[in-house]
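Beneath this line is the structure, given in structure tokens, with notes to follow.
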Amino acid sequence: MADFKFYLTSLEPNLSQSIYSQSIGGYCSNSLLYRETTLSSNVGLYDTSFTLNTPQAESWIGWENVFYININNEIIELSALESGTATAIQRGSNGIINFHLAGDVVRASNAAELFNNVVNNEYKQYRCLAVKNTPIDDPSDSEIANDVQVYLKQNSRNDESNIRIAIERPSSKYLTSISTNRTILTLTDTSLSGVYLDDYFNGTYLMVSGENGVGFISDFDGSSGTFTFSSSFSTVTTNKVYEVFPASAQRLKTGTDAPVNSDYITDFSYTNSVNRLSLSDTTNVSNSSDADVLTNDLFYIWVERTLQKGSASFDNNDFVIVLIYDTSG
């Protein structure tokens, strides 16, 4: 099944991002936005009380103000979370209700650490998240997420703070295939010949299975299916599986700058369960498949936080983002 995870963004792909407030665009890091644990027992469709296993790394530190959790893409609103016992006010807050098994991953929907007290002259600040359709154990079960829509289930709990969001779609999608020819500065895959336009993958990163590091793609020749790298690989092997990461989001110099308008990003909007943002809202979507999110594909959510002038409070900035999508297409 499709399984979306939220990651912080960083200057390079798959890089750890330990400072939440530096999630200001770029590539998908390997650092999750939300804390995780697992269910200690099964949860039926109508259960409103269930227990969670103690998180391995941090016990329950940081879970004190968690009011929403995500299990198998079902958003559950809680009235209490005490010593691992969760009591639900509402199951399926995003319209999805599932049966859950012991051991299923539980994610805390708490994003307060993104923000700090540094704002611009308009009392705004900006952060960028990567939302990835993560790989699953059995590739035959992978699903394409169609018609992906996003909205805020819970705006900031700080009455003097408001949240708007925008969606940025990467200019190129995830790719994995097998190389047919290699040099230290190039990789050719003849199966790509004529499939993608020249320069489609320019500015993205490529990683080869079994080799250390990644290569920054300076040029892609669509007619031959050849990638050229800005610096050489130390090892050259042919007929190897390789991966090309999705293109990055734009990267801000500072979290007080706003992202630049382009064909790949929507306007910032106040959203709710009726007024949602969609990947198809980006102006250069030429057909419905452009807005599909396959396994290992991703998109970016920009968050604009506005603080009221004169506010002395920077607390309670939690917000909850809900994804709605279809897998029948």
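Bear in mind that the values in this text are calculations on the coordinates, not laboratory data. Values in this document were obtained by computation on a predicted structure and should not be read as measured data. Neighbour counts are summed over all protein chains in view; Cβ atoms, including those assigned to glycine, are modelled from backbone coordinates with ideal geometry.
Each Lys and Arg contributes +1 and each Asp and Glu -1, all at the Cβ; summed about the Cα centre of the stretch 34-110, the dipole is approximately 100 debye. Summary value for the stretch 124-280: 33 percent relative contact order, contacts being C-alpha pairs under 8 angstrom separated by 6+ residues.
Apply 1/(1 + (r/R0)^6) to the Cβ-Cβ distance of S218 and A258, taking R0 = 30 Å, and write down the FRET efficiency to the nearest 0.05. Show your work: numbers first, answer last.
Values: r = 29 Å, r/R0 = 0.95.
Efficiency at R0 = 30 Å is approximately 0.55.
Of I165, I178, I69, how do they rank once you tally other Cβ atoms within 10 Å and put the fewest first? Can you show the working numbers first?
Working: I165 21, I178 12, I69 24.
Fewest-to-most ranking of I165, I178, I69: I178, I165, I69.
For the chain, the relative contact order is 25 percent, taking Cα pairs closer than 8 Å that sit 6 or more residues apart in sequence and dividing their mean separation by the residue count.
Pairs of alpha carbons in the stretch 121-245 separated by more than 26 Å make up 42% of all such pairs.
Taking the chain, how many lysine pairs are there with alpha carbons less than 19 Å apart, if each pair must be eight or more places apart or span two chains? Please list the in-between numbers first.
Working: K5/K132; K5/K153; K5/K173; K124/K253; K124/K309; K132/K173.
Lysine pairs meeting the criterion: 6.
Normalising the Debye intensity of the stretch 172-236 to I(0), with uniform scatterers on Cα atoms only, and taking log10 at q = 0.22, 0.25, 0.28 Å⁻¹ returns -0.88, -1.16, -1.46.
Annotation: amide H of N296 within the under-5 Å range of N133, T134, sequence separation 5 or more or interchain, hydrogens built in the peptide plane. Charged side chains reduced to their Cβ positions (Lys and Arg at +1, Asp and Glu at -1) give the chain a dipole of some 560 debye around its Cα centre.
Averaged across orientations, what area in nm² does the convex hull of the alpha carbons in the stretch 34-110 project? Mind dumping the intermediate values first?
On the way: hull surface 16.7 nm².
Mean shadow area of the hull around the Cα atoms is 4.2 nm².
Each peptide in 94-101, 43-50 gets a packing score, the mean of other Cβ atoms within 10 Å over its residues, and the list from highest to lowest is 94-101, 43-50.
Each Cα pair under 8 Å and six or more residues apart adds its separation to the average, and for the stretch 34-110 the resulting relative contact order is 43 percent. Projecting the Cα atoms of V303, P246, S232 onto the dipole axis of the chain, where Lys and Arg carry +1 and Asp and Glu carry -1 at the beta carbon, places V303 farthest toward the positive end. With the biggest extent put first, the Cα atoms of the chain measure 58, 49, 37 Å across the principal axes.
Would you mind finding the longest exposed-site-free stretch of the chain, with exposed trypsin sites (Lys or Arg not before Pro) meaning DSSP loop and at most 12 other Cβ atoms within 10 Å? Counting only loop sites that pass the neighbour cut-off, the longest clear stretch is 1-252.
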